[in-house]
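Novice: Sharing a structure here in structure tokens format.
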Amino acid sequence: MKKYISILQRSQLFAGVGEADIEAMLDCLSANLRDYKKGEYVLREGERVDNVMLLASGSLNIQKDDFWGNRSIVNHISAGEMFGEAYIAPESGPILNDVIALEDSVVMFFDFRKILTVCSSACKFHTTVIQNLFFAISEKNRQLVQKLGHMSKRTTRDKLISYLSEQAKRGGSSTFSIPFNRQQLADFLCVDRSAMSNELCKMRDEGLLTFERSRFTLISRINEI
């Protein structure tokens with residue numbers, strides 16, 4: 001557990017909490033670790049969630065498959081990020097998506113009741129963690145609005161421009177890497193992979209961007225951010 005303290009320090013959940021205080025709080029919050037192999041499901045659609053989860057190492061996708069096997073990627077989770085907090089309310093119902101490990105991963109589970117209830121030992125930074133959880137939920141809502149903005153665009157090109165521009169703004173640079181391969185990016189934007197790949201090549205030939213695997217550089221009018 002201790003070897004993940006540095007990851008927890010960089011997480012939004014423990015922002016502003018020192019290393020020694022985080023270590024002291026792990027027992028208070030009933031933290032436990034679970035290992036997942038690449039391709040293994042962390043959560044399946046329809047399951048009930050009673051923990052706040054934080055990815056200690058590896059990477060995950062939150063995704064949904066329809067009846068015919070068509071996949072949509074809802075979100076990507078990197079080490080240090082939380083997930084599952086949207087389903088901890090008593091009336092929130094079962095989870096609506098699958099969560100799958102893209103590589104060997106370690107997930108840390110926290111009992112949400114222990115997070116929301118200050119314990120008898122009155123941990124000094126417990127209130128900070130509660131505030132951080134609220135801020136994290138607000139941030140997830142903002143990200144959802146951003147994704148809806150990408151998906152609301154009418155054409156594949158417009159969706160690509162919207163998403164790639166937002167990634168450049170987030171990184172503060174016209175050169176950046178995205179957490180998706182081509183199929184995953186198509187699933188995230190809900191477009192056909194072949195059509196998307198063709199559009200990327202057209203945009204490259206028009207001098208709007210360059211790319212190599214998951215690394216992009218925006219040029220011309222797109223990088224005017």
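Novice: Given R₀ = 22 Å, what would the calculated FRET efficiency be for L96 paired with Q183, taking r from the Cβ atoms and rounding to 0.05?
Specialist: Values: r = 22 Å, r/R0 = 0.99.
Given R0 = 22 Å and the Cβ-Cβ separation, E is 0.50.
Novice: Identify all lysines with a Cα-Cα distance to K114 below 21 Å; exclude those on the same chain that are fewer than 8 residues away in sequence.
Specialist: Counting by Cα, and skipping residues close in sequence, K114 has these lysines nearby: K2, K124.
Novice: Let me ask something additional. Specify which residue in the list N198, Q143, G46 is farthest towards the positive end of the charge dipole of the chain, using unit charges on the beta carbon of Lys, Arg (+1) and Asp, Glu (-1), about the Cα centre.
Specialist: The Cα lying farthest towards the positive end belongs to N198.
Novice: Also, I was wondering about something else. Take the Cβ-Cβ distance between Q143 and R10 as r, set R0 to 25 Å, and report the resulting FRET efficiency rounded to the nearest 0.05.
Specialist: Computed FRET efficiency for Q143 and R10: 0.90.
Novice: How big is D, in µm² s⁻¹, for segment 1-138 by Stokes-Einstein at 37 °C and 0.692 mPa s if Rh is the Kirkwood radius over C-alpha pairs?
Specialist: After rounding, the answer is 213 µm²/s.
Novice: For segment 93-218, just say rounded, prolate or oblate: build the C-alpha gyration tensor, square-root its eigenvalues into a ≥ b ≥ c, call rounded for a/c under 1.5, and beyond that prolate if a/b exceeds b/c, oblate if not.
Specialist: Verdict is prolate for segment 93-218.
Novice: Per residue, how much accessible surface does the chain expose to a 1.4 Å probe? Answer in Å², no decimals. Before the final figure, lay out each step's value.
Specialist: Numbers: 12030 Å² over 225 residues.
With the other protein chains kept in place, the chain gives 53 Å² per residue.
Novice: Nearest 500 deg cm²/dmol is fine: what mean residue ellipticity at 222 nm does the chain get from its DSSP H runs of n ≥ 4 alone, each adding -39,500 (n - 2.57), divided by its residue count? Mind showing how you got there, number by number?
Specialist: Details: 7 runs with 84 residues, N = 225.
Mean residue ellipticity, 222 nm, calculated: -11500 deg cm²/dmol.
Novice: Quick check: net charge around A79, other residues with Cβ under 11 Å of its Cβ, Lys/Arg +1 and Asp/Glu -1?
Specialist: Working: positive: R10; negative: E81, E103.
Surrounding charge for A79 is -1.
Novice: Please identify, among F188, F135, F109, the residue showing maximal mean-square fluctuation in a Gaussian network model of the chain using a 10 angstrom Cα cutoff.
Specialist: Per the Cα network of the chain with a 10 Å cutoff, F135 tops the list.
Novice: The chain: longest stretch without exposed GluC sites (Glu not before Pro) (DSSP loop, at most 15 other Cβ within 10 Å), sites themselves excluded?
Specialist: Between the exposed loop sites, the longest stretch runs 104-205.
Novice: Report the one residue of T156, P90, I178 whose Cα lies farthest in the direction of the positive end of the charge dipole of the chain (charges on C-beta: Lys and Arg +1, Asp and Glu -1; origin at the Cα centre).
Specialist: T156
Novice: At q = 0.15, 0.17, 0.20, 0.27 Å⁻¹, what is the log10 ratio I(q)/I(0) for segment 1-50, with the Debye formula run over Cα points and no solvent?
Specialist: -0.55, -0.67, -0.83, -1.04
Novice: Continuing with this model, one more query. Any chance you could run the full-extension gain for A24 through R215? It's 0.36 nm times the residue separation minus the Cα-Cα distance, nm to one decimal.
Specialist: 64.8 nm
Novice: What is the percent carbon and sulfur in the accessible area of segment 68-185, measuring with a 1.4 Å probe over the protein chains and ignoring ligands?
Specialist: Ligands and nucleic acids excluded, carbon and sulfur give 55 percent.
Novice: Next question. Can you give the FRET efficiency for T155 and F67, using 1/(1 + (r/R0)^6), R0 = 30 Å, r = Cβ-Cβ distance, to the nearest 0.05?
Specialist: Approximately 0.65, to the nearest 0.05.
Novice: Among 92-98, 9-15, 151-157, 56-62, what's the highest-first ranking by average C-beta atoms within 10 angstrom per residue?
Specialist: 56-62, 9-15, 92-98, 151-157
Novice: May I pose another question? Cα-Cα over 24 Å: which of K37/K159; K140/K202; K37/K169; K64/K147; K3/K38?
Specialist: K37/K159; K140/K202; K37/K169
The values are calculated or read from the model by the stated rules, or taken from the named source; none is laboratory data. This structure is a prediction, so every number in the text was calculated from the model and none was measured. Heads up, the Cβs are rebuilt from the backbone with ideal geometry, glycines too, and the neighbour counts pull from every protein chain shown. For accessibility, only protein heavy atoms count, side chains too; no ligands or nucleic acids. Shrake-Rupley method; radii C 1.70, N 1.55, O 1.52, S 1.80 Å.
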